[in-house]
Amino acid sequence: MQIQAQQLVLGYGRKEVVKQVDFHVNKGEFISIIGPSGVGKSTLLMGLNGTTAILGGQISVLGENLATISNAALKQLRARIGFIFQSYNLVARMSVLDNIASGMLQRKALLPALIKLYRREEYEEIFEYMKVVGIEHEALSRCDRLSGGQRQRVAIARAVAQKPEVILADEPISSLDPISARRVMDTLKSANQRYGITVVSNLHQLDYAREYCTRVIGMHAGRIIFDGAPADLHRETIDEIYRGAQVQPDGPTRQKSFLPAAAMAQA
Ligand SMILES: Nc1ncnc2c1ncn2[C@@H]1O[C@H](COP(=O)(O)OP(=O)(O)OP(=O)(O)O)[C@@H](O)[C@H]1O
Ligand SMILES: [Mg+2]
């Protein structure tokens, strides 16, 4: 078991956001966390990286107890976790190649990486990651010249270059068009299958969660109210997860009541 949370409470100051959740993650799983905006998905994901404060309960990640971990050990632990931010967090002025190489920086000597002196086998390794995400033809382009989907794929390649045991991805496809989104999800899937990296990803798109993930965790009001196979995620559960939300994901059952009368007449 790579991640184990028991009665875990996470939050900010005294505000409890994630409330007494219990779950575990096994090696090789591909999990999506779904739920309405503000429910605590990012808070939970960042909690797995030791970024949000633990207000109660237990959480262990890759054998480390996050409640008692030292700063030095947390730094080492983070090198074993690839975190993909919605905002990419790439170095805009650096090339695709150098950004991906910076993922390897965490496990290689600092100086050669800083002066961009990569050995032949390191170049080959970087190119392999670029090919996995399909960005090799942009190797020398600056990252600020790339599209959103391309940047997200560089971010994934950089995370994979880190050779992490777990990738945490916070809404990796929320700002992408469907084709780029699919490409990014395919990329995460291949990191999962090819390198055996466990993936936990926040997603707003239920159809992608269903298609790509081996397991879905559904949150409502800071609690986990569904944890199971995508096939067991039925309409009633989805309604329960998104109860009270402004926007529901795919094909909301109550959609018609959101439409003005004129639109309903046309529908
Ligand atoms: N740094 C912070 N300080 C205080 N409160 C915060 C902070 N970050 C988030 N929150 C609060 O925690 C709650 C959950 O936020 P979180 O970002 O985890 O939600 P989310 O499920 O990821 O939403 P979204 O789908 O919009 O990304 C919100 O009420 C938010 O206002
Ligand atoms: Mg979020």
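Looking at segment 9-31 only, could you name the residues that are crowded, with 20+ Cβ neighbours inside 10 Å and farther than 26 Å from Y208 by Cβ?
Passing the criteria: none in range.
Restricting to segment 149-171, name every residue that is out of contact with any Leu (no Cβ under 8 Å at 6 or more places or on another chain) and aliphatic (A, V, I, L, M).
Hits for segment 149-171 are A157, A159, V160, A161.
If you take the residues of segment 128-150 that are charged (D, E, K, R) and modelled with pLDDT under 90, which of them is farthest from S175 (Cα to Cα)?
Looking at residues that are charged (D, E, K, R) and modelled with pLDDT under 90, I get E128.
Taking the condition of being of a type in the set (V, I, T) and more than 6 Å from ligand 1 (Cβ to nearest atom), how many residues in segment 29-44 meet it?
Total meeting the criteria: 3.
Residues that are more than 9 Å from ligand 1 (Cβ to nearest atom), charged (D, E, K, R) and at pLDDT 95 or above: does segment 59-67 have at least one?
To start, the set of residues in segment 59-67 that are more than 9 Å from ligand 1 (Cβ to nearest atom) comprises 59-67.
Imposing the further condition that a residue be charged (D, E, K, R) reduces the set to 64.
Next cut, at pLDDT 95 or above only: 64.
Taking every residue of segment 59-67 in turn, at least one turns out to be more than 9 Å from ligand 1 (Cβ to nearest atom), charged (D, E, K, R) and at pLDDT 95 or above.
Can you give me the number of residues within segment 177-230 that are charged (D, E, K, R) and free of Cβ contacts under 8 Å to residues at least 60 places away in the same chain?
Looking only at segment 177-230, we keep the residues that are charged (D, E, K, R), and these are 177, 182-183, 186, 189, 194, 207, 210-211, 215, 223, 227.
If we keep only those that are free of Cβ contacts under 8 Å to residues at least 60 places away in the same chain too, we end up with 177, 182-183, 186, 207, 210-211.
Counting residues in segment 177-230 that are charged (D, E, K, R) and free of Cβ contacts under 8 Å to residues at least 60 places away in the same chain gives 7.
What's the total number of residues in segment 32-57 that are buried (at least 21 other Cβ atoms within 10 Å of the Cβ) and in a strand (DSSP E or B)?
3
Does G13 satisfy the criteria of being away from ligand 2 (no atom under 16 Å from the Cβ) and closer than 19 Å to P164 by Cα?
It is false that G13 is away from ligand 2 (no atom under 16 Å from the Cβ) and closer than 19 Å to P164 by Cα.
This table checks each residue for (1) modelled with pLDDT of 90 or more; (2) in a loop (DSSP other than H, G, I, E, B); (3) within 16 Å of ligand 1 (Cβ to nearest atom); (4) within 24 Å of the chain's Cα centre (by Cα).
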| position | (1), (2), (3), (4) |
| --- | --- |
| L77 | yes, no, no, yes |
| S87 | no, yes, yes, yes |
| G103 | no, no, no, yes |
| Y123 | no, no, no, no |
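Residue-wise test of (1) of a type in the set (K, R); (2) at pLDDT 95 or above; (3) out of contact with any helix residue (DSSP H, G or I) (no Cβ under 9 Å at 6 or more places or on another chain).
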| residue | (1), (2), (3) |
| --- | --- |
| L206 | no, no, no |
| I217 | no, yes, no |
| H220 | no, yes, no |
| A245 | no, no, yes |
| P249 | no, no, no |
| R254 | yes, no, no |
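If you check I81, I59, I69, which single one turns out to be in contact with a helix residue (DSSP H, G or I) (Cβ under 9 Å, 6 or more places away or on another chain) and free of Cβ contacts under 8 Å to residues at least 40 places away in the same chain?
Working: I81 fails: free of Cβ contacts under 8 Å to residues at least 40 places away in the same chain; I59 fails: free of Cβ contacts under 8 Å to residues at least 40 places away in the same chain.
Checking each option against the conditions leaves just I69.
Consider segment 132-150. How many of its residues are under 10 Å from V96 (Cα atoms), surrounded by 16 or more Cβ atoms within 10 Å (Cβ to Cβ) and in contact with a helix residue (DSSP H, G or I) (Cβ under 7 Å, 6 or more places away or on another chain)?
Count: 6.
Looking at segment 1-28 only, could you name the residues that are away from ligand 1 (no atom under 16 Å from the Cβ) and of a type in the set (G, A, S)?
Selection gives G28 alone.
Go through (1) more than 14 Å from the chain's Cα centre (by Cα); (2) over 22 Å from R153 (Cα atoms); (3) at pLDDT 95 or above and name the single condition T43 misses.
Among (1) more than 14 Å from the chain's Cα centre (by Cα); (2) over 22 Å from R153 (Cα atoms); (3) at pLDDT 95 or above, T43 violates only (1).
The values are calculated or read from the model by the stated rules, or taken from the named source; none is laboratory data. Note that the coordinates shown come from a computational prediction; the quantities given were computed from them, not determined experimentally. Cβ atoms come from the backbone with ideal geometry, glycine included; neighbour counts cover every protein chain shown.
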